[in-house]
Amino acid sequence: MSTLELWLIVGVAFLSTYVWRAAGMLIASRLHPDSAISRWFACVAYAVLAGLIARMIIIPEGALADAPLADKLIALACGFAMFFLSKRNTTWATVTAFFVFAGIALWRAS
Amino acid sequence: MKHDDQPTDDEMSVFPDGDPAAARVRGMRDAFGAPALVLFASMMGFGSLARESGLDLFTTVVTTIAIWGLPGQMVMAEMTAVGAPLFAIAAGVAAANARFLPMTLALTPLLSEWRGSWIKRLFFAQFVTLTPWVAALQRFPGMAHEDRVPYYGAFSAVCMAGAVVGTAIGFELAGQLPRPLTLSLIFLSPAFFAMVFADVRHRAGVLALGAGACLGPILHGVSPDWGIPVTGLLAGSFAFGVDSLLRRRASRGSR
């Protein structure tokens, strides 16, 4: 692949992502944060992201598809347990979920 | 709803006056840790994939900065690897990153008192991505208006630094990492956001997150292209409706 082609691809990918951000910025610039429409936008955004994260965990594509669902759910459960034990510390919770998942993955590979 | 427009005495006393320099330090400190580390690790995955897809180191790093949204970057690398036509790459990346529209729509009103020019606003828009966005939605409502953009900028800068270093290291290490570690690095990002969302406590957010998490995988099974956007509209409107109903009932009860 030529360098020019690569840059063309990166440029096109940049523009097709940036249009969403620019559109959001232009549409919402004059809105009050407590207005009904702003609150609706926030709800839609949270719902999209929750749907996306749940999909990534439950129906993963690519390499993560090889990991059994149980492994991911056990790791997440340990993460949530640490979250509440550590008085809502997201860093400790994430580290716990990561190491539990890595431990199970290593055990399965051995 | 008129009273919502005026900051209450309580809010005023928490942040008596804005201190943008202190906000910048706070933003850097908040990002330094799990947020930057998670971006570092997940961008390592992208760096490896990009190298296997035939990109060079420079374009790979520029892609991280220019797209600044992992799902779209992954789609770009995968489609480049199979030699997809340019318009197909554009459509694929746009679909994978469409979440930036509702995210920017939700974030922008919190900057309503920002007097930045249009050039500055359009520049700011480029830095809307999941990790700083979540922090902003959690932190901004209790923060002085003049502190918000400095906080966000500093938070983003630390995240992007972590992401760029991760991208480059992932590119260099492509194919050399043991498989269990690669799997764990990919798992890190959804696990982190699951924990971050567990920390959302206002009613509308909790409702939207719960409904979205239940509906997303189901509707994705029905239509991989439209499942997630439709999830956003349905679950988001449901959460908004329930929250509005309860607000109205509460304000009627207090009268």
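So here's what we get for this one:
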item	result
Residues B:Ile228, B:Ile65, A:Ile59 arranged by fewest to most Cβ contacts within 10 Å	B:Ile65, A:Ile59, B:Ile228
Likely footprinting exposure, A:Cys78, B:Cys214, B:Cys159, A:Cys43, fewest C-beta neighbours within 10 Å first	B:Cys214, A:Cys78, B:Cys159, A:Cys43
Between 0 and 90°, nearest 10: helix B:203-222 axis offset from chain B longest Cα axis	30
Fully extended contour minus Cα-Cα distance, from B:Phe32 to B:Arg249, at 0.36 nm per residue	74.0 nm
The stretch B:177-255-the stretch B:113-145 distance, computed between alpha-carbon centres (Å)	21
Global form of the stretch A:11-51, assessed from the alpha-carbon gyration tensor, a/c cut-off 1.5	oblate
Linear extension gain, A:Trp7 paired with A:Ala109, 0.36 nm per residue minus alpha-carbon span	32.8 nm
Within the protein assembly as shown: Cβ-based charge dipole about Cα centre, in debye rounded to nearest 20 (Lys, Arg +1; Asp, Glu -1)	840
Kirkwood Rh, Cα atoms: Rg over Rh of the stretch B:200-255	1.14
Selection from B:Ala144, B:Phe192, B:Leu215, by position along the positive dipole direction of chain B (Cβ)	B:Leu215
Pairwise FRET efficiency - B:Ala22 versus A:Phe84, Cβ, R0 = 22 Å, nearest 0.05	0.10
Shape call, the stretch A:67-110: gyration tensor on alpha carbons, a/c limit 1.5	prolate
Crossing angle, helix A:69-85 versus chain A [Cα axis fit, 0-90 degrees, rounded to tens]	90
Ranked B:Leu183, A:Leu106, criterion: other C-beta atoms within 10 Å, fewest first	A:Leu106, B:Leu183
Chain A: C-alpha gyration tensor shape, a/c 1.5 cut-off, then a/b vs b/c	oblate
Rounded to 10°, Cα long-axis angle of helix B:145-172 versus longest principal axis of chain B	20
Extension gain, B:Glu146 back to B:Asp199 (0.36 nm per residue minus Cα-Cα distance, nm)	16.6 nm
Among B:Leu110, B:Ile65, B:Ala81 the positive-end extreme of the charge dipole of chain B (Cβ point charges)	B:Leu110
In the stretch B:217-255, chymotrypsin sites (Phe, Trp or Tyr not before Pro) in a DSSP loop with at most 13 other beta-carbon atoms within 10 Å	B:Trp226
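Values in this text are rule-based calculations from the coordinates and carry no lab data. Quick caveat: nothing in here was measured; it's all calculated off a predicted structure. Every residue, glycine among them, receives a Cβ derived from its backbone with ideal geometry; neighbour counts consider all protein chains shown.
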